[in-house]
Amino acid sequence: MAEPTITVEIAFGVGALTDPTGGQWVDVSASVRSITTNRGRSTERDASRPGTATVVLDNSARLFDPLHSGGTYFGNLVPRTHIRIVATWSAVEYPIFRGFVEGWPQSWQTNNVDATVTVQCVDALAILATTVLKSPWEYAIEAHSPDAWWRLNETAGQRMNDSSGNGNDGDWKHGAVDSKSGPLIADETTASLKSPGNSDDDGLQPHGRVPGYFLTAGPYTVVSWVKWSAADVRALVETPGNYEKHWICGSLDSTNGYGFRMGIEADADYTPVPFTISAATVVAAGISESKIIFPIGRAIGLADKVHMLALTMSAGDESVLYFDTDSVVGEVPTVGGSIGSPSFIIGGTAALGRDVYADQAWAGEIDDVVVVLGVLTAADIAVLYDAGTAPWIGDKAGERVTRILDLISWPSALYTVTGGQSILNAASVKSKTVLAALQQVERSEQGHLFVDSAGVVTFRSRADIVSETRSTVSQHTFSDNGTSGEQSRILAGRYDDDLIVNQCRVVDGDGTSHEVNDATSQAAYGVRTEQLTVDASPEDSVGIAAARVARYKDPAFRVPTVDVVPGRDAAIWPLVLGRELGDLVTVERTPQGVGALITDTMIVEGIRWNMNDAYDWSVSFNLGLRAYDGGTLFTLDTSSLDGTDVLYY
């Protein structure tokens with residue numbers, strides 16, 4: 001056997017987010033004229049770029065022409081079709097590239113005797129780079145398929161839009177669209193309704209109304225975020241004529257008079273006793289009031305802070321009211337007579353078209369009102385609360401990567417993730433691409449994110465990089481001494497200031513900057529600063545800065561690239577075909593008759609294949625400095641060495 005066999009397969013008609021089965025792959029190798037691939041990055045300091053491949057296909061029979069209705073693949077020649085390239089040597093398959101076709105560009109010769117399609121391909125990183133994330137709160141709400149979801153973020157017009165997709169739009173009343181404040185929910189940028197609470201008359205109070213939308217009987221859950229004004233809490237009980245309750249929202253059925261109001265109440269008692277919840281008491285004309293009652297002293301302390309209120313009502317009309325994650329079970333309400341017109345009210349007095357006790361309108365801010373036609377559990381409520389306050393806080397790096405990929409329904413067989421060492425701060429991912437969010441985790445962990453030769457999104461923790469055998473024991477020696485069939489070209493070595501870092505500033509997840517300097521290096525080479533932003537803790541951030549300075553404070557000799565022509569030596573092919581990003585390799589350079597052999601160990605950071613005729617096959621490896629030089633690895637812990645120790649930097 002003189003050379004490997006190349007197989008190119010395309011999964012026609014399979015969506016980009018579906019992992020094709022074995023029978024869906026179609027072998028098009030007979031049409032392949034040439035292949036080039038490029039994966040990885042230039043140095044270990046760079047982020048991995050989306051991998052690319054170029055496959056030139058013979059199209060003389062118009063097999064790959066999307067306009068040729070008689071073609072075998074007509075109708076399935078679409079962008080982002082799966083493609084994979086595999087080399088087989090001595091009955092062993094070696095993946096070279098897997099990704100997605102970007103398009104099917106047609107090329108014709110002027111004499112019309114030949115035609116080709118030069119298929120440009122990208123790997124999974126390119127897909128992740130064009131997928132934009134929502135906020136954790138949005139993902140958490142969407143998981144419950146809301147029946148109505150008013151974001152309350154409109155700043156113009158009179159329409160109060162329903163973001164659930166169910167068309168339950170409402171109207172802004174009496175200047176509500178102009179009465180807006182900043183978001184109350186973490187990682188959100190939208191506005192909230194600012195309700196001054198200066199009137200107990202819906203005719204004057206800014207509010208939103210959804211005509212015809214009402215909740216009759218359970219099961220349902222209503223969730224909202226609020227910030228109660230401390231000044232209005234005090235005025236509530238200290239100013240004669242003001243009433244006790246601040247209502248957030250409410251709804252009723254005018255036919256049978258059943259409805260609810262959800263809000264907060266304060267009384268004049270300054271005694272710091274725990275709050276109580278009245279989750280389903282019945283008042284005039286059959287409205288079920290769900291309210292939280294605070295003594296005024298505690299109410300003032302809790303005001304001007306963001307809280308989540310949620311009401312659940314079962315099919316048997318048993319209710320639970322939540323303040324953040326605290327809850328109390330209510331009573332079964334009694335149905336009363338008809339009131340007003342059917343509506344859902346946000347803000348105002350939530351009195352649904354008429355005054356019930358003429359209670360005080362909500363004084364403060366309201367952000368997002370959500371209705372789910374089902375009873376959320378206490379665990380569900382806790383997830384929503386976390387998503388709106390400190391989303392995903394405490395994730396390990398690998399957990400964050402897995403969470404993000406699962407949110408976009410990335411096939412589980414097409415990613416591999418290890419747990420990581422860094423404990424991450426609350427996520428801030430809204431409007432970021434998936435790739436940008438994952439690379440933020442990569443920086444926070446000081447790990448490595450890439451797509452391997454089989455198309456699997458791979459996240460290696462910093463522990464993997466310095467402990468896995470393939471990254472600590474040399475997997476192959478590239479030498480230009482001519483003693484084997486391999487022809488390695490090592491034409492350049494670098495020893496310069498390009499990678500020197502002697503001052504590193506790392507901004508942690510709380511926005512605090514941590515700086516580490518090396519005075520000796522700065523005196524020798526001047527100040528060379530690197531700045532990073534991470535989601536890590538202050539301790540991890542200091543560790544990152546210290547590690548970067550320790551690793552790069554002095555110049556280091558490196559060979560940036562090795563070019564290899566494998567030739568016909570049977571022993572060489574599996575050694576070059578089997579290389580992957582992150583492998584440790586040895587490089588040997590024979591000097592020009594002066595001095596000793598130059599040798600070093602480096603990490604494979606990039607791989608480029610050029611495949612035409614077997615005799616012309618070549619591969620280039622971009623190389624980077626290894627993560628550590630074999631010295632002691634420190635662990636960080638609060639106790640003596642035990643099973644809880646984790647790898648530090």
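Worth pointing out:
- Above-threshold pairs, the threshold being 28 Å between Cα atoms, out of Lys173/Lys305; Lys291/Lys432; Lys180/Lys396; Lys173/Lys432: Lys291/Lys432; Lys180/Lys396; Lys173/Lys432
- Surface per residue (accessible, 1.4 Å probe) for the stretch 385-477, Å²: 33 Å²
- Solvent-accessible area per residue, Å², over the stretch 1-133 with all protein chains present [probe radius 1.4 Å]: 45 Å²
- Local charge for Val457 was computed over the other residues whose Cβ lies under 13 Å away, with Lys and Arg +1 and Asp and Glu -1, and equals -2.
- Global form of the stretch 28-186, assessed from the alpha-carbon gyration tensor, a/c cut-off 1.5: prolate
- Under 5 Å between amide hydrogens, built in the peptide plane, is the criterion, and for Leu215 it picks out Leu252 among residues at least 5 positions away or on other chains.
- Calculated FRET efficiency for the pair Ser474/Gln120, C-beta based, R₀ 35 Å, to 0.05: 0.50
- Panel note: the C-alpha atoms of the stretch 405-539, placed on their principal axes, show extents of 56, 50, 26 Å (largest first).
- Cβ-Cβ distance of Ala378 and Lys134, R₀ of 25 Å, FRET efficiency by 1/(1 + (r/R0)^6): the value works out to about 0.50.
- Listed residues Ser537, Ser145 arranged by accessible area, highest first, probe 1.4 Å: Ser145, Ser537
- Length available on full extension from Ala523 to Asn166: 0.36 nm per residue minus the Cα-Cα distance, which gives 121.9 nm.
- Extension gain from Ala556 to Ser467, taking 0.36 nm per residue of separation minus the Cα-Cα distance: 29.8 nm
- Estimated Rh, the stretch 453-598: Kirkwood, alpha-carbon pairs, angstrom: 18.4 Å
- Our estimate of slack between Asn112 and Ser409, defined as 0.36 nm per intervening residue step minus the Cα-Cα distance, is 102.4 nm.
- With R₀ fixed at 45 Å, the C-beta to C-beta distance from Asp46 to Ala315 puts the FRET efficiency at about 0.20.
- Backbone geometry of the stretch 162-175 corresponds, through the Karplus equation with coefficients 6.51, -1.76 and 1.60 at θ = phi - 60°, to 3J(HN,Hα) couplings of 9, 8, 6, x, 9, x, 8, 6, x, 10, 7, 10, 6, x Hz, x marking Gly and Pro.
- For Thr477, residues with placed amide H under 5 Å, excluding near neighbours: Thr586
- For the stretch 97-198, with all protein chains in place and a probe radius of 1.4 Å, 46% of the accessible heavy-atom surface sits on carbon or sulfur.
- Per residue convex hull volume, Cα atoms of the stretch 1-104, in Å³: 135 Å³
- Label-point gap, in nm, between Glu142 and Ile393 - each point 7 angstrom along Cα→Cβ: 2.5 nm
The values are calculated or read from the model by the stated rules, or taken from the named source; none is laboratory data. Because the structure is predicted, anything quoted here is derived from the model rather than measured. Neighbour counts are summed over all protein chains in view; Cβ atoms, including those assigned to glycine, are modelled from backbone coordinates with ideal geometry. These accessible areas exclude ligands, DNA and RNA; they are computed on the full protein's heavy atoms, side chains included. Shrake-Rupley method; radii C 1.70, N 1.55, O 1.52, S 1.80 Å.
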